[in-house]
1. Of the residues A:GLU422, A:GLU367, A:GLU413, A:GLU389, which single one is more than 14 Å from chain B (Cβ to nearest Cβ) and either on the phi > 0 side of the Ramachandran plot or not aromatic (Phe, Trp, Tyr) (or both)?
2. If you scan the range A:291-304, which residues turn out to be in a strand (DSSP E or B) and either surrounded by fewer than 24 Cβ atoms within 10 Å (Cβ to Cβ) or of a type in the set (A, V, I, L, M, F, W, C) (or both)?
3. Out of B:LEU243, B:LEU233, B:LEU256, which single residue is within 13 Å of another protein chain (Cβ to nearest Cβ) and either of a type in the set (A, V, I, L, M) or under 30 Å from B:VAL129 (Cα atoms) (or both)?
4. Does A:VAL391 satisfy the criteria of being of a type outside the set (Lys, Arg) and crowded, with 22+ Cβ neighbours inside 10 Å?
5. Return a yes/no flag: does the range A:372-385 have any residue that is part of a helix (DSSP H, G or I), within 14 Å of chain B (Cβ to nearest Cβ) and under 26 Å from A:ARG145 (Cα atoms).
6. Within the group A:ALA220, A:ALA224, A:ALA229, which residue is under 28 Å from B:GLU269 (Cβ atoms), assigned to a loop (DSSP other than H, G, I, E, B), in contact with a helix residue (DSSP H, G or I) (Cβ under 7 Å, 6 or more places away or on another chain) and away from chain B (no Cβ under 14 Å)?
7. If you take just the helices (runs of 4 or more DSSP H) that sit entirely in the range B:119-224, which of them hold at least 2 residues that are within 30 Å of A:GLY239 (Cα to Cα)?
8. Do you know which of the residues in the range A:394-406 that are more than 10 Å from chain B (Cβ to nearest Cβ) and surrounded by 22 or more Cβ atoms within 10 Å (Cβ to Cβ) is farthest from B:GLU271 (Cα to Cα)?
Amino acid sequence: MRVAGLAVTALLGGTLAACGGGGGDEASDTLRVTLANHVWTEKIIEAIPEFEEETGLTVDLTQLGEDQLSAQYNVQLNAGTDEIDVMMYRPLQEGKLFAQNGYLADLTERVESNSEWEWSDFQSGPVDSTTFEDKVVGIPTITEREVLYYRTDLLEAAGLEVPETLEELEAAAQQISEENPDVAGFVARTGKSPAVTQFSSFLYSFGGDFIDEEGNSAVASPEAKEAYAYYGRMINEYGPENVSTDMSWPEAMAIFTQGGAAFYTEADSLYQNATDPANSQVADNVGFAPLPAGPAGSKPYNVPSWGLGINEASNNQDNAWKFIEWATSKEMVLEIQQAGVPGPRTSVWADPEGTATYPEDLVAAIESSAENGVGYDRPLVINVAEAREIVGDPLVIGITGGDVDAAADAASESFQSFLDDERE
Amino acid sequence: MTVASPPRTNPPKDRRPGNTRYKTYSDWANNHRKWLFAAPAMIFVGILIIFPLGWTMYLSLTDSSGSVRAESDFIGFANYAEVLADTDRFWPAVGRTFAFTSVALAVQMILGMCIALLLWRPFKGEKWVRVAILLPLVATPVAVGMMWRLIFDPNIGFANQVLAFVGIPAQPWLSGQSTALPTVIFIDIWQWTPMVVIILLAGLTSLSEEPDEAARIDGANAWQRFRYVTVPLLMPTIIVAVLLRSIDALKTFDLLYATKGRGGGSFNEVETLNIYAYGLSFDYNDYGLSSTVLIIFFLIIIAAMWVLTRRRKDV
C-alpha cells in the first residue's frame, strides 16, 4: 500500500513538474525549437552541438512533416502555448495568418541591433515576405525559384536544343514523347493545391496573375486561361500515362529521376534529388535551364519557402533570437548553401564559394531567375490553403482533359467571392 | 474480476462507530455510494466528452476563424444553413461517408462470415491460417495506407505490374476519379475483415451443438442448418460486429488521409465528412463551419446507432 502511495505521489509530482517545467517567467536554458523536415533542417541539426557549446543552452528539438507541422501550430498556437520558442514556418503560406493572429513576435529592433549579422544583406523579395505591416516577423532561411530540369541524353538523341520559350518546350516534349513510347515529354506537379506554386511561374510568363491591381480575381483573364490550358495540355498530352491528379513534388520527382520524363519544372532547391546518384537513375544526364519564356518573358517565382520566427507567447525570446541569429549568420548560410540549400543572403550568392558546389547551368538558371523573378508563388491572402484549392481547380480539369475555359470562369467567380469575404 | 474484502482491523479510537462525526461521514458515503463509485468516470466523461462537445456546439454558432482566441461573433444557426445548403462539398461528403461505410460493412460481414465458417471446425495448420488472417489488423492504418498507395501507384506500382503480366491494361486505382473510392473501400475491407472474423468466430465457438444436431437428424441440409439454426443463434454476435464496424467505418480518417491527402484528392473523390471537417479546421482555419459539420456528423452517427441498437433489441 505504501509503495502504491509513493508511486502515486511520484506520478503526480512528475506530472506537475512536467507541467510547470515549460512555463515560468524566467528565461530557461532549454530552448524549444520546432522545425520542418527539410534538407536545411538536416544541416542545421548537424551544427546544433556547436551552438549548444558556444551558448551553454540546450536545444530541445521537435521535427515534423509539413502537414503535421501546420496542424501542430494550429492547435498549439491557438491555445496560446509558451512551449514553442523558435518556430520554422512558411512565410507565404502561413505568414499573414500567424502575424495577424499575433503568434509571431516583432523582431524589427532585434534585426537592426547587430550590424555584424547584417539584415541588409538579405534579398529584398524574401524580406518582404517575412515583413507584416512594416514589422519584421521572421527571418528567411531558404529561397527557391522554379527552373527547368531536363534530360541531356534524350535531347541529344532527338537532336534538340534546350528550349528557351514555352512553345519550344511544348514542341520538344511532343517530339520526345512520340519518339520514346516509355518516356513522357513533360512532368510536373498535378495535385490541385501543390501544383499552384509551380503553375504560378507559367501564369506570370503568360502575362497573368492571381489577383489584379484592384485586388480582384484575375484567374479568368485571357492570359491566365492560356496559362491554365498550357499547363494542363502539357501533362494531359505529353505527360506520363495514367497520370494521377494527386502528385506533389516527391511523386513528380520520382517519375523524373526514374527516367520517366524528359522535362520537369520544379523548385531549384530540390535539385539534389535529381543529381544525387543514390536517389536518381538519371543523375549523370540531368541539365538545368531557366524557365522557358512565355509571351511576357521568363518570369519564374523567386520566394523564401521557409523562415524562422519567435513565438510571441514564449518566455525565452532572447535566447530564441540567439538561435535565429546563429542559424542565419553569414557563415551558417554559406555552409548550408554549399551543402545544396539555396539561401537568402546576397553576399553568399556573390561569393564564388557559395555557388562552387552547384552545377554550373543551375547557377546560371538561378541567377537569371533571381533577376526576373516574382516574389510570390501563390495568392497573397490570409487563408492561403483555401485560395490555392480554388485557383488550382482549372489545373486538374486541364490535366484530365476537361474544359479549362469554363473551369477558369467558375474558379474566378469563387475566388472573387473568397476575396470579397476576406476583405470584410 | 474478484474483489478482495478489506482486512478487518480494529477501527482507530476516534473513528469508532460510536463517534458521531465518523458515523455521519460513513452514513453519507453509504447513502451516496453509487455516486461516489461513479464519480471518477463521471469526471472523466465530463472533461473529455461533454466539455469538448459543448465547446464545439458553441463554436458552431459563431463565425470563429483564423484563431479560436480571436474575437468572433455569435451568428446563431447561420453556419448550419450554409452547410446544409452546400451541395458542392458537404452533401457529396455525406454520400461518400455512407457509401464507404455501407459497402465496406456489407462486404466485410459476408466475407468475415465465410472465413469464420471455414475456420470454425478444427483442421491441420489452423493456427498458421489464423495468424495470417489476423496480420492486417495489427498494422496501423496510416502505414497500411502508405503501403497500398505504393502498390497502387499508376506508374511504378506492383498492382499494375501484375495486371501487365496477365495482359490487362494498367488501371488508375487510387488516382482515378471514379476508381479512388472503390479502391479505398477495398483497402478498408482488406484491413478490417479479420476483426469481423474474430468476433464471429468467438460467437460460433460458443454456440451449443445440440440445435445443429437436432436439425441434422430432422434431415436439414447444410444451407438450411446455416440459414435457420446457426444465423439466428449467432444474431446477437452479428449485431455486435455490425455495430463496432459501422462506428469505425463511419469515422475512418487515417486511411483516407494517408492515401489521398487533404480534401480527399484533387477532385475530393474520397472526401468523407471527417476529411471535410478536418480540412475546414486545419487547412482553412474556419472553426465555426468545421464545428457545424462535426455536430451534424455527430447527430448522424447518433441516429445511425439508435437505429442499429433498436434492431438489436428486436433480436
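Values in this text are rule-based calculations from the coordinates and carry no lab data. All values reported here derive from a predicted model rather than from experimental measurement. Backbone-built Cβ (ideal geometry, glycine too); neighbour counts: all protein chains shown.
1. On the way: A:GLU422 fails: more than 14 Å from chain B (Cβ to nearest Cβ); A:GLU413 fails: more than 14 Å from chain B (Cβ to nearest Cβ); A:GLU389 fails: more than 14 Å from chain B (Cβ to nearest Cβ).
One residue alone meets the criteria, A:GLU367.
2. Step one: filter the range A:291-304 for residues in a strand (DSSP E or B), giving A:293-294, A:297, A:301-304.
Matches in the range A:291-304: A:ALA293, A:GLY297, A:VAL303.
3. Details: B:LEU243 fails: within 13 Å of another protein chain (Cβ to nearest Cβ); B:LEU233 fails: within 13 Å of another protein chain (Cβ to nearest Cβ).
Just one listed residue meets the conditions, B:LEU256.
4. Numbers: of a type outside the set (Lys, Arg): yes; crowded, with 22+ Cβ neighbours inside 10 Å: yes.
It is true that A:VAL391 is of a type outside the set (Lys, Arg) and crowded, with 22+ Cβ neighbours inside 10 Å.
5. Pass one, the range A:372-385, residues part of a helix (DSSP H, G or I): A:372, A:384-385.
If we keep only those that are within 14 Å of chain B (Cβ to nearest Cβ) as well, we get A:384-385.
Next cut, under 26 Å from A:ARG145 (Cα atoms) only: A:384-385.
Checked against the condition, which is being part of a helix (DSSP H, G or I), within 14 Å of chain B (Cβ to nearest Cβ) and under 26 Å from A:ARG145 (Cα atoms), the range A:372-385 yields at least one hit.
6. Numbers: A:ALA224 fails: assigned to a loop (DSSP other than H, G, I, E, B); A:ALA229 fails: assigned to a loop (DSSP other than H, G, I, E, B).
After ruling out the rest, the residue left standing is A:ALA220.
7. In the range B:119-224, B:141-151, B:158-165, B:180-205 are the helices (runs of 4 or more DSSP H) which contain 2 or more residues that are within 30 Å of A:GLY239 (Cα to Cα).
8. The qualifying residue farthest from B:GLU271 (Cα to Cα) is A:VAL404.
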